[in-house]
Amino acid sequence: MKFEDRYAVVCNEQVAGFTRKFDPCLYNTPEFIALKEGYKPVNCYLLDNKEKCILIDTTFLCHDLIAISLPRAPFGGISYRQASIRLLKHFIKNVIRYFISENFKKIIIKSPADFFNPAQNAIVANCLANAGFTVCNFDINHHLDVDQSGFSEKIHKMEVRKLRKSSTNKLDFEAVPIGSMPEVYNFIRVCRDEKKVPINITFDELRQATEKFPQNYKFFTVVSEGTIVAATIAVLVREDVLYNYLPASLTAYNKLSPMVFLLSELYKYCQLTDVRMLDLGISTIDNKPQESLILFKERVGGKATLKLTFQLNLF
């Protein structure tokens, strides 16, 4: 069978009778994408007509003739498990052709941080660059590799001292049920308001996502003498990656170092649940590094990788 006959790229069409050869991350699942209102979805697939399977896919959410993979999500990008560079180039070329035919102005692709799959990210980045895409965002992301080592073995001596201090202050860590979501969200909102940092998800959006994915959204608190002093909402993005999505703490309790304690307990949680990587998120705003945040993440053992966003102007 000739290459052109075996492999077909389809965009904005229903695909029936084809099975996906890989499991996408949470954000790239059809169920998660369906939660994003106000956009027109365009699904793009590379199909293997011989094996009747989907080898590559990505979904764009479109508005004002701009296609984004994905808006209002940490990332989207091109999903695949095993595909040759020739197939990736064929896929990207035909996706571009589709959006040009629909008179789109721009394509934006938000890739996951490099630690998710360094080799795959490098290949996709090269293929996008060769297709004319440029990098419009260079975000710095940090993560912790979770292994048999203790958290205190990974962190700076200064943070070890803070962790010892927090353990003497009778802080309690708890994984709280989904029913505690309003209380946790409100606490995070108060903390963010205190620091003049906005929350990038509304309560209704969080409620919808949690109801749809109750096994993926986790709620944790740190309590001191009956008072919540720190909390986070974490997301199981992939079976081996937990994203520390919305951490927050009250400034008045900084002397207790509740965020270091929270991370130490999250790390233990990952060990117990076979999660291999704890994603600490990006530390940049509009391509500008947040130096104090980067320093903190490095002191608690975070490893820096790039998280790139690609853009192609069509007209």
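Bear in mind that the values in this text are calculations on the coordinates, not laboratory data. None of the values given here were measured: they were computed from a predicted structure. Positions of Cβ are generated from backbone atoms using ideal geometry, with glycine treated the same way; all protein chains shown enter the neighbour counts.
For this structure, a couple of remarks:
- Per residue, the chain reaches -9500 deg cm²/dmol at 222 nm when only DSSP H runs of four or more residues are counted, each adding -39500 (n - 2.57).
- With a Förster radius of 25 Å applied to the C-beta separation of Ser84 and Leu314, the computed FRET efficiency comes to 0.45.
- Unit charges at the beta carbon, dipole of the chain: most positive-side option, Thr221, Thr134, Phe116: Thr134
- Across Lys36/Lys212; Lys105/Lys288; Lys40/Lys93; Lys157/Lys195, pairs whose alpha-carbon gap is larger than 19 Å: Lys105/Lys288; Lys40/Lys93; Lys157/Lys195
- Region 147-275, dipole about Cα centre (Lys/Arg Cβ +1, Asp/Glu Cβ -1), debye to the nearest 20: 580
- Rounded to 0.05, the FRET efficiency of the Glu239 and Lys288 pair, given R0 = 25 Å and the Cβ-Cβ distance, is 0.15.
- Shape category assigned to region 192-315 from the gyration tensor of Cα positions, a/c cut at 1.5: rounded
- Separation of alpha-carbon centers, region 15-54 and region 147-186, rounded to whole Å: 37
- Region 168-233: GluC sites (Glu not before Pro) in DSSP coil with no more than 14 other Cβ atoms inside 10 Å: Glu225
- Pair Ile100, Lys196: separation of 7 Å Cα→Cβ label points (nm): 4.7
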